[in-house]
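Below is one structure, written out as structure tokens, with a few remarks after it.
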Amino acid sequence: MNTTPSWSPLVITPQSAGVEASAAGLLKVIGDTATIDDQLVKEKALIFRGFGVTQEELDPVMDELLPNRLAYVHGNSPRTKVGKNVYTSTEYPQEFTISMHNEMSYAHAWPARLLFFCQKAAETGGATPVTDSALWLRSLDPEVREAFKGGVCYQQNLHDGLGLGKSWQDTFETTDRAEVEAFLGQTGAQWEWKPDGSLRVRQIRPATAVHPVTGTEVWFNQSDQWHPAGLGDDTAAALAQIMPADELPQSVTFADGTPIPDEYVLQIRDRGLDAAVNCDWRTGDLMLIDNMLVSHGRRPFTGTRRVLVAMSD
């Protein structure tokens, strides 16, 4: 199956836009929100390079590009909140690849846009790969696409402050159980508080989605990241020794509860990565992506790397 990408993000520089190389120059470029909206749908991802933006100048840029900045509530990735709904990118050991995914595609609602900001580029590596989600869907074998037509069932086991994975307090950014239940009550999820104070959440979601503007069907789930096989043989084996599959911090089956074969998971993970285009960061870069049309991940790196992310509906 050919997964060769036929596109790459549009790179916008001060020279190409005819403005000065500064945060003020970038604000002139993105001030025409209708043009940016059209460009994002057409190009799927936009990189703003060479404007010299610093973290201290980031808020007004984000206010333009992300008019309704969202909190990372019900997010499953480990992150640190560093500003007004601004977070570190996924905090995961730097020697590993983070596979392709659309942010919060497991949830009942997800951000329409993500904005990444490179505060410090890695010494080597550390690219953010991006994949055309429609190409990812087309790259999968017909057998795999057919198997996922009925959707998937995600399960989270969120501890009460001590355990493997994220706590329910970190996941929902609250210590109030009533707030958690109010949130989950709007999602169609099933949930259960366990005697040890942990929370189990189950929800059934489709495996694909249709973009509201383009009408394009895209691969839109995180089955490979929630399945032990997607973590690699050694990690999966280690987890199996620690706890049963039903007790893992997160797991996934087909919607009817039947297991997803390991070989399906590996095909999904690998073809998503094969179809990816690397965004090799330079300090000060920003990348705006349409979260349905484009999935993203992370390449391994050395040295210090700091990339921030914010989201908008």
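The values are calculated or read from the model by the stated rules, or taken from the named source; none is laboratory data. Just so you know, these numbers come straight off a predicted model, no measurement behind them. Note: ideal-geometry Cβ built from the backbone for every residue, glycine included; neighbour counts use all protein chains shown. Protein only, heavy atoms only, side chains kept; ligands, DNA and RNA dropped before computing areas. Shrake-Rupley method; radii C 1.70, N 1.55, O 1.52, S 1.80 Å.
Scanning the stretch 6-33 for residues that are open to solvent by 60 Å² or more (accessible area, probe 1.4 Å) and among the small types (Gly, Ala, Ser) turns up Ser6, Ser8, Ser16, Gly18, Ala21. Residues of the stretch 248-277 that are modelled with pLDDT of 95 or more, on the phi < 0 side of the Ramachandran plot and in a loop (DSSP other than H, G, I, E, B): Ala255, Asp256, Thr258, Pro259, Ile260, Pro261, Ala275, Ala276. For beta carbons closer than 6 Å, sequence separation of 6+ or different chains, a first residue in the stretch 76-87 that is within 13 Å of Arg306 (Cβ to Cβ) and a second that is at pLDDT below 80 and of a type in the set (D, E, K, R), the qualifying pairs are Tyr87/Arg79. If the condition is being open to solvent by 70 Å² or more (accessible area, probe 1.4 Å), touching a strand residue (DSSP E or B) at 6+ places or on another chain (Cβ under 9 Å) and part of a loop (DSSP other than H, G, I, E, B), then the stretch 167-187 contributes only Glu173.
Closer than 30 Å to Leu137 by Cβ and either surrounded by fewer than 15 Cβ atoms within 10 Å (Cβ to Cβ) or not acidic (Asp, Glu) (or both), is that true of Asp38?
Values: closer than 30 Å to Leu137 by Cβ: yes; either surrounded by fewer than 15 Cβ atoms within 10 Å (Cβ to Cβ) or not acidic (Asp, Glu) (or both): yes.
Taking the combined requirement at face value, the residue satisfies it.
Looking across the stretch 112-154, the residues that are more than 24 Å from Glu57 (Cβ to Cβ), in a strand (DSSP E or B) and open to solvent by 10 Å² or more (accessible area, probe 1.4 Å) come down to Thr124, Gly125, Asp132, Cys153.
What residue, among those in the stretch 155-166 that are open to solvent by 20 Å² or more (accessible area, probe 1.4 Å) and hydrophobic (A, V, I, L, M, F, W, C), is nearest to the chain's Cα centre (by Cα)?
The extreme case among them is Leu164.
Pairs are defined by a Cβ separation below 9 Å, a sequence spacing of at least 6 or placement on different chains, a first member in the stretch 199-212 that is over 22 Å from Asp313 (Cβ atoms), and a second member that is open to solvent by 40 Å² or more (accessible area, probe 1.4 Å) and aromatic (Phe, Trp, Tyr); the pairs so defined are Leu199/Trp191; Leu199/Trp193; Arg200/Trp191; Arg200/Trp193; Arg202/Trp191.
Filter the stretch 299-309 down to the residues that are open to solvent by 10 Å² or more (accessible area, probe 1.4 Å) and in a strand (DSSP E or B), then identify the one that is farthest from Tyr87 (Cα to Cα). First the steps, then the outcome.
Keep residues of the stretch 299-309 that are open to solvent by 10 Å² or more (accessible area, probe 1.4 Å), which gives 299-306.
In the following step, the residues that additionally are in a strand (DSSP E or B) were identified as 301-302, 306.
Numbers: Phe301: 19, Thr302: 21, Arg306: 10 Å.
It comes out as Thr302.
Looking across the stretch 107-162, the residues that are in contact with a Phe, Trp or Tyr (Cβ under 7 Å, 6 or more places away or on another chain) and either on the phi > 0 side of the Ramachandran plot or of a type in the set (Phe, Trp, Tyr) (or both) come down to Gly125, Gly126, Trp136, Tyr154. Of the residues Val294, Val201, the single one that is open to solvent by less than 50 Å² (accessible area, probe 1.4 Å), in contact with a Lys or Arg (Cβ under 7 Å, 6 or more places away or on another chain), hydrophobic (A, V, I, L, M, F, W, C) and within 27 Å of Thr171 (Cβ to Cβ) is Val294.
Among what's in the stretch 278-291 and is open to solvent by less than 10 Å² (accessible area, probe 1.4 Å) and in a loop (DSSP other than H, G, I, E, B), pick the residue that is nearest to Ala127 (Cα to Cα). Reasoning before the result, please.
Going through the stretch 278-291, the residues open to solvent by less than 10 Å² (accessible area, probe 1.4 Å) turn out to be 279, 284-289, 291.
Still in the list and also in a loop (DSSP other than H, G, I, E, B): 284-285, 291.
Numbers: Gly284: 14, Asp285: 12, Asn291: 18 Å.
So the residue we want is Asp285.
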